[in-house]
Amino acid sequence: MLLLQLLINGLQLGAIYALTAVGFALIFGSTKVFHVAHGAAFTLAAYLFWWAVQTLHWHWAAALVLATVVVVAFGLFMERFIYRPIQRHEGAFFTVFIAAFGVQIIVQNGIGTVFGRGFETVTVSASRAVEWMPGLFVAPVAGIAIVVAIAFFVALHLFLSRTLVGTGLRALSDNTDLVRVFGLAPTRLAQVAFALGSALVVPGAALTAMTQGINPGIGAHIMLISLASTIVGGIGSLRGAAYGGLLLGLAESIAVWKLDPQWSEAVTFIILFVFIIVRPAGFLGRAHGAK
C-alpha cells in the first residue's frame, strides 16, 4: 500500500515538475536563452497566490490571475531589459547565466524579507487527504494536478502546431530569416515565448502552495528540476521535458520507499548523470528547435 501511495504522490509531483519544465524548455528551445530566473518566476507565482488567498482572502481564481499577470510581466521584463541587451555582445551565454542567477538571488531574498523565510501553505478543502482504502490517503488536488497538466499540454500543443505564431516559435531558434518571411518579428516571438513559458509556472506554483508548502528558496530547486527534466527528456523537445518532469517526480517520491527521505532529491541527479553518460540526447532530444 505504501508503494501505491508513493506512486500517487509521485504523479502529483511529476505533473507539477512537468508543467514547470515545459515552460523552461519552451523559452530555451525557442530563444536559446538559459533562463535561470525561471525558478524566480515560480517563487513569485507561489507567494502571490498564497498572499492573495490567505491574507487578502481572494477567490483562488482571482489569485491565479494576479500571479499570472505578475510572472508574465516578470518574464517580459527579463527578456526586454536583461537578456536582449546582453545578447548584443560577445560572450552572451555566460553573462546571461550570471545575470539571471543574480535576479534569482534578488527575488529569493526580497521575498524572504517581505514574507519571512518559513514555510507557508494555502489551506483549501481540495488539499485535505481522504482515506480511499486502508492505508491509502489521496487528496483531490492530486487528480486536479494531473488533469490541469494534461489540459495545459494539449492546449500548448494545439497552439504550437496550428497557429502561425506557434509555428514561428518552433522555427525561431533555427531560422530567423524564415520567420521574417512569414511576416513575424523574432523579437516579438521571443516575448511570446517568455510570456508563455512564465505563465506555465503558475498552476504548478499554486498546486505546490496547496500541497507541499513553499519557502523563499524553492525557486532554486525548481530551476534545477526544470533543467534536469529538459536534459533527461531531450533538449529541444517539449514533450520530452514533460516526460522528464514526470519521471523525476515519480523517482523523487518512490525513492522514499527504500531510501531515507534526504536521498529523494539526490535520486533526481543520479538519473540526470545516468542520462548524460548513457543517453545524452535524452528521451526525445533533437538538435535544434522546440518540437
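Throughout, read-outs are computed from the coordinates displayed, never taken from laboratory work. All values derive from a computational prediction rather than experimental measurement. Backbone-built Cβ (ideal geometry, glycine too); neighbour counts: all protein chains shown.
For this structure, a couple of remarks:
- Coupling constants for region 2-9 follow from the phi torsions by the Karplus curve (6.51 cos²θ - 1.76 cosθ + 1.60, θ = phi - 60°), and in residue order they are 4, 4, 5, 4, 5, 5, 5, 4 Hz; glycine and proline get x.
- The chain: angle of helix 38-50 to the longest principal axis, Cα-based, in degrees nearest 10: 50
- Within the shell of other residues whose beta carbon sits under 12 angstrom from the beta carbon of L6, the net charge comes to 0, with Lys and Arg scored +1 and Asp and Glu -1.
- Peptides 268-278, 124-134 ordered by packing proxy, namely the average of other Cβ atoms within 10 Å per residue, highest first: 268-278, 124-134.
- Each residue, Q212 and A155, gets one label point 7 Å from its Cα in the Cβ direction; the gap between the two is 2.3 nm.
- Cα shape, region 75-191, gyration tensor, a/c 1.5 rule: oblate
- Taking the inverse of the mean 1/r over every pair of distinct Cα atoms in region 1-56 gives a Kirkwood hydrodynamic radius of 13.4 Å.
- The distance linking region 161-207 with region 42-113 is 18 Å (Cα centroid to Cα centroid, whole angstrom).
- Choice from F153, F94, F74 showing the highest fluctuation, given a GNM over the chain with Cα pairs closer than 10 Å: F94
- Prolate/oblate/rounded call for region 190-287, Cα gyration tensor, a/c under 1.5 rounded: oblate
- Highest-fluctuation residue, L64, L136, L238 considered, GNM on the chain with Cα pairs under 10 Å: L136
- Here the simple spin-label model places points 7 Å from the Cα toward Cβ, and for V65 and V278 these points are separated by 4.8 nm.
- Taking 0.36 nm per residue of separation and subtracting the Cα-Cα distance, full extension of the segment from H221 to F115 would add 36.3 nm.
- With a cut-off of 13 Å between beta carbons, the residues surrounding R84 carry a summed charge of +3, where Lys and Arg count +1 and Asp and Glu -1.
- The alpha carbon gyration tensor of region 3-96 gives principal lengths a ≥ b ≥ c with a/c of 1.5 or higher and a/b no greater than b/c, which makes the shape oblate.
- Normalised Debye scattering of region 159-200 at q = 0.16, 0.20, 0.22, 0.23 Å⁻¹ gives log10 I(q)/I(0) of -0.34, -0.53, -0.64, -0.69, counting only Cα atoms as equal scatterers and leaving out solvent.
- Fraction of C-alpha pairs exceeding 29 angstrom in the chain: 32 percent, rounded to a whole number.
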